[in-house]
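To start, the structure under review is shown below, and the notes come after it.
Coordinate-derived values only; no laboratory data. Please read all numbers here as calculations on a predicted model, not as lab measurements. Cβ placement follows ideal geometry from the backbone for every residue including glycine, while neighbour counts extend to all protein chains displayed.
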Amino acid sequence: MTCRHCGTEIAAKALICYRCGKATADPRITPPTEGSIFNAPKRSRWPLIAAAAAGLLGLLGWWAAYGL
């Protein structure tokens, strides 16, 4: 098989050309074209805060009921 970019003879199952470093096949998955993935909306922290408060109240209730 020859590299389609530089014409070097490469192995039949090679994923990249050892001479030019380019991929020998097209990618299977195309990258997203719409905007950046870093601009995605952030999740709310309220569920985490509510769970922490509930755990703290549970510990305080256990301490009040059984004492140390």
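For Cα extents along the principal axes in Å, one of (i) 42, 21, 16; (ii) 52, 24, 22; (iii) 79, 31, 16 was computed from the structure I shared and the rest are decoys. Which label?
Computing Cα extents along the principal axes in Å and matching it to (i) 42, 21, 16; (ii) 52, 24, 22; (iii) 79, 31, 16 gives (iii).
Would you calculate, for the chain, the mean residue ellipticity at 222 nm contributed by helices, counting each DSSP H stretch of 4 or more residues as -39,500 (n - 2.57) and dividing by all residues, to the nearest 500?
Numbers: 1 runs with 21 residues, N = 68.
That calculation yields -10500 deg cm²/dmol at 222 nm.
Show the residues, 5+ positions off or on another chain, whose built amide H is closer than 5 Å to the amide H of Ile16.
Placed amide hydrogens put Thr24 under 5 Å from Ile16.
Of Lys13, Lys22, how do they rank once you tally other Cβ atoms within 10 Å and put the fewest first?
So the ranking, lowest neighbour count to highest, is Lys13, Lys22.
Normalised by the residues of the chain, what does the relative contact order come to in percent, with Cα pairs under 8 Å and at least six apart? Could the numbers behind the result be given before it?
Numbers: 29 pairs, mean separation 10.1, N = 68.
Averaging sequence separation for qualifying contacts and normalising by length gives 15 percent for the chain.
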